[in-house]
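I have placed the structure first, in the form of structure tokens, so that the comments after it can refer back to it.
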Amino acid sequence: MALKGVPAVKNKEGLDHSRRFELSRAIDSRLVQDAIDHLYADYLERRQGRKPNQRDIPRIRCYLEKLYAELVVATQEDHELYLGYNRAAAYFKRGGEYWNLLNDKPLLSRRLFLELIDCLEQGGWIEHHKAKAGFGGFST
């Protein structure tokens, strides 16, 4: 995934110039919070009246902050850079990339994380390329 409007760089295999998505990014700024408010409102609108579970709301906003911060940092690093992540359930389970070993629980809810990424794509906020199912060893 990459911020919309940033040109893609393709290698001979047709894969995008990318790096792994990092969960540790955070940007503390009023402008970022305004952007998160806007993204959250867009997310709610795309749910077509289906309200999120009350306990999910803080996580949704947190995930949006992480996604937004990581996209901003990646764009500043290299405007042609894409971020890779895994959609497979195994990455969100014990021993997977998105598992918190210290607390022995997932760092991310797979359902919410993927729903938000898909929503950002549908809203035209990001350019997103999903790897084909069974395309082992490659990230989306």
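The values are calculated or read from the model by the stated rules, or taken from the named source; none is laboratory data. What you see is a predicted model; the values in this text were computed from it and never measured. As a convention, Cβ positions derive from the backbone with ideal geometry for all residues, glycine included, and neighbour counts pool all protein chains shown.
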Here is a check on your reading of the model: is R59 outside any strand (DSSP E or B), within 24 Å of Q33 (Cβ to Cβ) and out of contact with any strand residue (DSSP E or B) (no Cβ under 9 Å at 6 or more places or on another chain)? yes
Can you name the residue in the range 7-42 that is of a type in the set (A, V, I, L, M), surrounded by fewer than 17 Cβ atoms within 10 Å (Cβ to Cβ) and farther than 23 Å from R87 by Cα and is also modelled with the highest pLDDT among such residues? A41
So, in the range 48-75, how many residues would count as being within 12 Å of I27 (Cα to Cα) and surrounded by 16 or more Cβ atoms within 10 Å (Cβ to Cβ)? 9
Being surrounded by fewer than 20 Cβ atoms within 10 Å (Cβ to Cβ) and part of a helix (DSSP H, G or I) is true for just one of E45, E80. Which residue is that? E45
Mind checking which pairs have a first residue in the range 107-123 that is without any contact (Cβ under 8 Å) to a residue 40 or more places away in the chain and a second that is among the small types (G, A, S) and surrounded by fewer than 16 Cβ atoms within 10 Å (Cβ to Cβ), Cβ under 7 Å, 6 or more apart or different chains? R110/A89
Selection from the range 96-121 of residues that are under 16 Å from P58 (Cα atoms), of a type in the set (A, V, I, L, M, F, W, C) and more than 12 Å from the chain's Cα centre (by Cα): L107
Collect the residues in the range 57-70 that are among the acidic types (D, E) and within 12 Å of L116 (Cα to Cα), keeping them in residue-number order. E65
Within the range 99-114, the count of residues that are farther than 16 Å from G84 by Cα and surrounded by 10 or more Cβ atoms within 10 Å (Cβ to Cβ) comes to 7
